[in-house]
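*Asks:* One structure is given below, represented as structure tokens, and several questions about it will come after.
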Amino acid sequence: MELQIRDIEKHFGEKEVLKQVSLTAASGAALGLLGRNGAGKTTTIRIVMGVFFPDKGEVLWNGKPLDRKHIRIGYMPEERGLYPKKRISDQLIYLAMLRGMNHAEAAKACDRWLERMNMSEYKLKKLETLSKGNQQKIQLAATLMCDPQIVILDEPFSGLDPVNAMLLKDVIKEMIAGGAVVLFSSHQMNYIEEFCDSIAILNGGKIILDGRITDIKHSYPRNKIAVTSSQVEQIAPFVIQHMGEEIVSVEPDTTADHTLMIRLKSADSKQKLLQGLSDKGFDVDMFRVCEPSMNDIFVEYTEASV
Amino acid sequence: MKHILQVLRFEYIGCVKTKSFIISTAIFMVLIVLMAFLPGLLFSTQSGNGDVHFTDKEKPVIAVCNKAHDSHEMLTAELTMAYAGYDIRMTDENLSELTAKVGTGEYRFALLLKEPLSCTYITKNNEVFSGATVQLKEILTKLYQTTQLQKAGLSLDASLEVVNAEVKLDTVTSGTDQAQNYWSTYILMMLLYIAIVMYGQMVSQSVVAEKNTRAMEMLITCAKPSHLMFGKVIGSGLAGLTQMVLIVSTALVSVNAVSKDSLPPEIMGLLNFSVDMVLYALLFFVLGYFIYSFLLGALASMASRSEDLNTLISPVMILVVAAFMVVVFSITSGDVNSTLMVVCSYIPFTAPLAIFARIAMSDVAVWEILLSVGVQLVSVYLFGKLAAAIYRIGVLMYGNPPKPTEIIKMLQEQHKANKLTKQSSRS
């Protein structure tokens, strides 16, 4: 199953918010939707949800226009929203019924999800009596209760303690393994790297980068090598002498102990460096090509423009 | 449709279950029961044993210094009849002596009758609504008239008969009895107005609350905005109707439960609702409620915080107050069929109140009622459509509420966009 957004354009008044946005998200994998504030992420999500109509373009499900009456979509907005003054079970059942369940199914799903979130004891409490993290869990339950085929999560981890974050990770991984299409929007890049196979970066209403994370990372020159060893003091002069012209810089890594960052002119001379260290008999703990982090990639692509 | 019903059910239950709803309904019901039973209880205790506690010694004294009539007899008799339980004492004391004794409380009050038509009434505190002066005037006038007639040669009985004579006036009304309906209409009008304002505001507050808590962000992805709005307006309206029906039926039951004689006619008049008036009130509540709550709901969708709400809905609130004022002035002046009222019967904002007052207090042709109801039904439909369009824009907008011109512009744009999507979906 596959969710496809094709050539979407949208403007509000004079302002063009989305320009030719196209994305594909397949089931069994999560797509990270990235972008700075105001880049058009929420508008894209709302178009998928059917809240806004695009001026141009379409949203497809397995190649056909997305039928929101029959395809269940679970959405967790960044601005959390539920009724603070109403009982948790009442509002969870209400939202599930609006999404097409009957009362009995909704009540059952409510119990199941509260159980899953370790929140059963709060079933009859009013939402406002819960801590922020617990409210967050209720929000997630509300999103997933209708057993959605498409899950859209906007900053799901903000405000969760590490234990609850673990719980949420497990739940999301289950959803992905269960074959749901997961769209994941976050500014916390570590989560993006953990969950998403592919990303799409929106900037100024345009997709400026999309693809599998591994492919994107491989597309960067692999000329930056990290060497960890107890003998870094001896290794540094050796590398300069051994590699000569082929080297750009050799510096100790500021973020890790006993590590040298070696930048080569070309990734091709990586083998020569490894051979040299090995022949000389240095005690090397780790020899690794430094890939750019998601953070680096994000900043690189979005820094320049608004 | 399914969504509207689900939203309606949720809103209705949510509304009826709130503490404020339960408490206010209970208070109203208790007040009405009190209003029906309390006067009966009060009056029965007063007339039954009001004066039994006084022994002769304790009887309050009314001092009378009579310098105008030859005989005290008739004066004493009349005063004793009017002031049962008082000791009527004839004295020769002068004004200052009487004033002093009234001041110390020895006399409840005193009368200094210098001439048949001139009397000084001496009292400690002149109460506004005691009615004592009117009653005394009547007694003394009667006394004067009787003595004069006697002087002219009539017997005492004959002169008393003349003085006590009263015309019996029977009123036959060919149309609606305005006088009889005045108070009941007034009360139903008040209820109608309060209900429309109260429940309309309830809708607007609930819309803002949903935006403010961002519950809307979730809802909007589950159901169409128009369904959300219609469900909410109808649900809250049904909650209001529930409250009205509870209150009105309490009133009807308790009025029928008390014996008619225990209530003074003034209060019976207040509670004299006829069934068709109550039904008309319900009909115009429903129509007025929809007209106003659609507008209030749509305006509320423009606000992001409850602080913005008052500014936004104030034009509509002024409208409803103005409508109420016009109608109240008209029924107070008695001219409910003035040109102004006729015109108001066909303006959507004033029609529910105006046509109701006219039906209650005069005879209105059936076609006029039908036309007014028709105008209101069409306005409900149009306002509903307009409100749905505004609501759709409003609910996802945060920040400062937009200006009216901006709203119109956005509505036009949305209209265009809808047309486009319809065309593209057809092709």
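*Asks:* Which one is farthest from the other protein chains (Cβ to nearest Cβ) among residues in region A:86-97 that are touching a helix residue (DSSP H, G or I) at 6+ places or on another chain (Cβ under 6 Å) and of a type outside the set (Ser, Thr, Tyr)?
*Replies:* In this case the residue turns out to be A:Ile88.
*Asks:* Does B:Phe284 fit the bill of being in a helix (DSSP H, G or I), in contact (Cβ under 8 Å) with a residue 40 or more places away in the chain and either surrounded by fewer than 23 Cβ atoms within 10 Å (Cβ to Cβ) or of a type in the set (Lys, Arg) (or both)?
*Replies:* Details: in a helix (DSSP H, G or I): yes; in contact (Cβ under 8 Å) with a residue 40 or more places away in the chain: yes; either surrounded by fewer than 23 Cβ atoms within 10 Å (Cβ to Cβ) or of a type in the set (Lys, Arg) (or both): no.
Taking the combined requirement at face value, the residue does not satisfy it.
*Asks:* Which members of region A:68-115 meet the condition of being farther than 29 Å from B:Lys19 by Cα, of a type outside the set (A, V, I, L, M) and in a strand (DSSP E or B)?
*Replies:* The answer is A:Gly74, A:Tyr75.
*Asks:* Same structure again: So, in region B:63-96, how many residues would count as being loosely packed, with under 15 Cβ neighbours inside 10 Å and touching a His at 6+ places or on another chain (Cβ under 7 Å)?
*Replies:* Total meeting the criteria: 1.
*Asks:* Go through region A:165-219 residue by residue and tally those that are out of contact with any Ser or Thr (no Cβ under 7 Å at 6 or more places or on another chain), within 17 Å of A:Val299 (Cα to Cα) and β-branched (Val, Ile, Thr).
*Replies:* Number of matching residues: 3.
*Asks:* Which residues, counting only those in region A:57-87, are farther than 22 Å from A:Gln139 by Cα, crowded, with 18+ Cβ neighbours inside 10 Å and at pLDDT below 90?
*Replies:* Selection gives A:Leu66 alone.
*Asks:* Could you say which residue among B:Leu371, B:Leu386, B:Leu382 is at pLDDT 90 or above and within 30 Å of A:Leu66 (Cβ to Cβ)?
*Replies:* None of the others qualify; the one that does is B:Leu386.
*Asks:* What residue, among those in region B:195-207 that are buried (at least 23 other Cβ atoms within 10 Å of the Cβ) and within 19 Å of B:Ala389 (Cα to Cα), is nearest to the other protein chains (Cβ to nearest Cβ)?
*Replies:* Going through the qualifying residues, I end up with B:Val207.
*Asks:* Please specify each residue of region A:203-221 satisfying the condition of being of a type in the set (A, V, I, L, M, F, W, C) and over 13 Å from the mean Cα position of the chain (by Cα).
*Replies:* A:Ile207, A:Ile208, A:Leu209, A:Ile216, listed by residue number.
*Asks:* Here are B:Val172, B:Val162, B:Val102: which of them is loosely packed, with under 15 Cβ neighbours inside 10 Å, modelled with pLDDT of 85 or more, among the aliphatic types (A, V, I, L, M) and over 30 Å from B:Thr242 (Cα atoms)?
*Replies:* From the options B:Val172, B:Val162, B:Val102, the qualifying one is B:Val162.
*Asks:* Has region B:393-400 got any residue that is over 19 Å from A:Phe52 (Cβ atoms) and away from chain A (no Cβ under 14 Å)?
*Replies:* Yes.
*Asks:* Return the residues of region B:337-358 that are surrounded by fewer than 19 Cβ atoms within 10 Å (Cβ to Cβ) and polar (S, T, N, Q); say none if nothing qualifies.
*Replies:* B:Asn337, B:Ser338, B:Thr339, listed by residue number.
*Asks:* While we're on this one: For region A:2-67, give me every one of the strands (runs of 3 or more DSSP E) that falls completely inside it and has 2 or more residues that are within 11 Å of another protein chain (Cβ to nearest Cβ).
*Replies:* Once the strands (runs of 3 or more DSSP E) in region A:2-67 are filtered for at least 2 residues that are within 11 Å of another protein chain (Cβ to nearest Cβ), what remains is A:2-12, A:56-61.
*Asks:* Continuing with the same structure: Give me the strands (runs of 3 or more DSSP E) completely within region A:203-269, filtered to those with at least 2 residues that are surrounded by fewer than 16 Cβ atoms within 10 Å (Cβ to Cβ) and at pLDDT 85 or above, ordered by residue number.
*Replies:* Details: elements: A:206-212, A:224-229, A:247-252, A:259-264.
Filter on region A:203-269 gives A:206-212, A:247-252.
*Asks:* Now for a different question. What pairs come up if the first residue lies in region A:164-180 and is free of Cβ contacts under 8 Å to residues at least 40 places away in the same chain and more than 20 Å from A:Ala26 (Cα to Cα), the second is of a type in the set (A, V, I, L, M) and crowded, with 18+ Cβ neighbours inside 10 Å, and their beta carbons are under 8 Å apart, counting only those six or more places apart or on different chains?
*Replies:* A:Leu168/A:Leu140; A:Leu168/A:Leu160
*Asks:* Among the helices (runs of 4 or more DSSP H) contained in region B:336-427, which hold 1 or more residues that are under 26 Å from the mean Cα position of the chain (by Cα)?
*Replies:* Per the criteria, B:339-344, B:351-361, B:366-394.
The values are calculated or read from the model by the stated rules, or taken from the named source; none is laboratory data. The structure displayed is predicted, hence computed values, not measured ones. Positions of Cβ are generated from backbone atoms using ideal geometry, with glycine treated the same way; all protein chains shown enter the neighbour counts.
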